[in-house]
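Report on one structure; see the data block that follows.
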């Protein structure tokens, strides 16, 4: 078919006449011709218009080599019919779940050690499932199995369809700092952008081939195929999707040309999340998404995710975050999963009820077993031997088929921070502090007084200077104006840096690392501390280099805990800690008689430990002489956000059972929980009352 015939074909773009006069610019217009005989798809294809307006002097027009043109023709084509067939095939596949994913009897071992034994749970459309359990329980392994990155030893992963889109958001956000915001969002559409780039190259090649009619015909064939592919992948909708999503994530139209690297970690998280949502995933997996982002960003993330319909599986040790989002909690303990309806607080209550009920059932069965054994021994001979045989069968059935498992309760480990006597009343004083990095001024004329026994939370947005303030207090940074003074009498600070795990000596063993930092500690006591932080005996001689990120963080914390002090300074101490470890830390801080200054974005943690809040913002500090609830009351904007969250939780949370309809075990569990809450509040009240007496 010659070029003139191609141009008359209803299935190829029509080339308009080209006017070329050497001093003038060259314009090449290509568009689809609409004909009445077109099918519906062909009509839609006509909307994807390849229109090129090249305005450049002929002397400056870039020439494309023959090799480049041939590469466009030889490597760019993909058989459209084959592609559509593959697409159709990938959409099929039998499944017994209408939406989401179900794990059935999953087991997984590493090196002969069973990590997962009997894991069964599912996530359906509209559900947000929280995976909880101690570090090393296999939570991330379950996410990897769902994604197909690991295979289970046994069991099945049942998906709504074979080609379902599963996206994940981890604590390490996958963004390219050298891209603009718009370029970063568009990078999500890899295939679409490759097609667009090839269309641009073919159009430029057409511009350079106006004198070669045969080559021009081949390029037109290629352009038509690319435009068909563009229609298949909805290339014309890409820009629309990005422009619609950006304001939802908080970006203005002016932000699209800003570099990604110019944004803080919290805003980069928004970009990463936006890239995931642009893929229209069928399932969203979130692994510790709140690490390293500030309180305002966490609250934004909660509200944004709550509005999404896509089913989610969330791994997080942020109890407030799990409370706000989750509709179901799946606990993994000793390789076995259990499912509880509701958010984290409801899970804690239901777990306590389950333990009491299971324990009562186990004790009842044990009594029945003991009674049956005693009866068998008394009826073992003589005329009652037949009855004894019957009782033996009953006992065998009890022990094999209907045996009730005794609920496993982890021993609540207890730690304490060694103290070096009592400090003077004044612990830290800031006088007219001035500090910044280059033109970025963090503090101007800032004054602050910290006294003995205070437990202070420093809060504020990322980049406002919270961690810098801690470094100024311990002397790692020097003030550019004013003074930072430690108290005159017996002030011994112990500083836990946010990235302290990165400073560990990789060549030392676990035991050597803590032993080198300990003062007046017996070897057995050091081993006991490491054991309470989940370092088993066979791990003590391991090199730090082979530890996971979470294990390094726990080791750094053990090293921090053996140093005596009168002032604890903690920068994000709960990062990488599981919930039991956080509870252990909260109790240790509450019992510590010295002074505590901490930077943290964990609201639940802050509420448990502090009696004073310092908010850093706008180059100064705002002092709230009370606990976190007092801060919320005084900070009207923060208080309104907290009230909105509480109202939403109450609305979507399961209704509390009437006392008259509770079982005996449920009543006992609720009574015990109330007693524990009352004792904790009494202890906090007593500490607050005695504060003035001892200062």
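The values are calculated or read from the model by the stated rules, or taken from the named source; none is laboratory data. All values derive from a computational prediction rather than experimental measurement. Heads up, the Cβs are rebuilt from the backbone with ideal geometry, glycines too, and the neighbour counts pull from every protein chain shown.
Note on the range 495-516: residues that are crowded, with 16+ Cβ neighbours inside 10 Å and in a helix (DSSP H, G or I) total 7.
I'd like to check something: does the range 465-487 contain any residue that is assigned to a loop (DSSP other than H, G, I, E, B), surrounded by 18 or more Cβ atoms within 10 Å (Cβ to Cβ) and either over 33 Å from the mean Cα position of the chain (by Cα) or free of Cβ contacts under 8 Å to residues at least 40 places away in the same chain (or both)? Checked against the condition, which is being assigned to a loop (DSSP other than H, G, I, E, B), surrounded by 18 or more Cβ atoms within 10 Å (Cβ to Cβ) and either over 33 Å from the mean Cα position of the chain (by Cα) or free of Cβ contacts under 8 Å to residues at least 40 places away in the same chain (or both), the range 465-487 yields at least one hit. For the range 160-179, the condition of being under 21 Å from residue 272 (Cα atoms), assigned to a helix (DSSP H, G or I), free of Cβ contacts under 8 Å to residues at least 60 places away in the same chain and under 27 Å from the mean Cα position of the chain (by Cα) holds for none of the residues.
Restricting 194, 207, 248, 256 to those that are outside the structural domain of residue 461 (by TED's automatic domain parsing) and touching a strand residue (DSSP E or B) at 6+ places or on another chain (Cβ under 8 Å) reduces the list to 256. For the range 583-599, does any single residue satisfy the condition of being in contact (Cβ under 8 Å) with a residue 12 or more places away in the chain, closer than 27 Å to residue 473 by Cβ and not assigned by TED's automatic domain parsing to the domain that holds residue 429? For the range 583-599, residues in contact (Cβ under 8 Å) with a residue 12 or more places away in the chain, closer than 27 Å to residue 473 by Cβ and not assigned by TED's automatic domain parsing to the domain that holds residue 429: absent. Among the residues of the range 610-627, those identified as touching a helix residue (DSSP H, G or I) at 6+ places or on another chain (Cβ under 9 Å) and either within 12 Å of residue 466 (Cα to Cα) or crowded, with 23+ Cβ neighbours inside 10 Å (or both) are 610, 613, 614, 615, 616, 621.
Of the helices (runs of 4 or more DSSP H) contained entirely in the range 254-355, those carrying at least 3 residues that are modelled with pLDDT under 90 and buried (at least 20 other Cβ atoms within 10 Å of the Cβ) fall at 265-277, 295-306. Only residues that are surrounded by fewer than 18 Cβ atoms within 10 Å (Cβ to Cβ) and in a loop (DSSP other than H, G, I, E, B) were counted in the range 522-539, giving 3.
Taken over the range 458-476, the criterion of being over 15 Å from residue 448 (Cα atoms) and in contact with a helix residue (DSSP H, G or I) (Cβ under 8 Å, 6 or more places away or on another chain) is satisfied by 460, 461, 462. I'd like to know if the range 536-556 contains one or more residues that are closer than 29 Å to residue 323 by Cβ and more than 25 Å from the chain's Cα centre (by Cα). Within the range 536-556 (the criterion being closer than 29 Å to residue 323 by Cβ and more than 25 Å from the chain's Cα centre (by Cα)), the answer is no, since none of the residues qualifies.
Only one entry of 282, 318 meets the criterion of being out of contact with any strand residue (DSSP E or B) (no Cβ under 8 Å at 6 or more places or on another chain) and in contact (Cβ under 8 Å) with a residue 40 or more places away in the chain, and that entry is 318. Of all positions in the range 379-393, at least one carries a residue that is more than 53 Å from the chain's Cα centre (by Cα), at pLDDT below 75, on the phi > 0 side of the Ramachandran plot and part of a helix (DSSP H, G or I). Residues in the range 119-139 that are buried (at least 20 other Cβ atoms within 10 Å of the Cβ) and out of contact with any strand residue (DSSP E or B) (no Cβ under 6 Å at 6 or more places or on another chain): 135 alone. In the range 232-253, the residue that is modelled with the highest pLDDT out of those that are part of a loop (DSSP other than H, G, I, E, B) and either surrounded by 14 or more Cβ atoms within 10 Å (Cβ to Cβ) or on the phi > 0 side of the Ramachandran plot (or both) is 251. The criterion of at least 3 residues that are modelled with pLDDT under 90 and under 16 Å from residue 457 (Cα atoms) is met by the following helices (runs of 4 or more DSSP H) wholly inside the range 574-648: 628-634. The residues on offer are 116, 149, and the sole one that is buried (at least 19 other Cβ atoms within 10 Å of the Cβ) and at pLDDT 85 or above is 116.
To keep it simple, each residue is scored yes or no on (1) touching a strand residue (DSSP E or B) at 6+ places or on another chain (Cβ under 7 Å); (2) farther than 25 Å from residue 472 by Cα; (3) buried (at least 19 other Cβ atoms within 10 Å of the Cβ).
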| residue | (1), (2), (3) |
| --- | --- |
| 541 | yes, yes, no |
| 546 | no, yes, no |
| 562 | no, no, yes |
| 567 | yes, no, yes |
| 571 | yes, no, yes |
| 577 | no, yes, yes |
| 605 | no, no, yes |
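For the range 437-460, the set of residues classified as surrounded by fewer than 18 Cβ atoms within 10 Å (Cβ to Cβ) and under 31 Å from the mean Cα position of the chain (by Cα) consists of 437, 440, listed by residue number.
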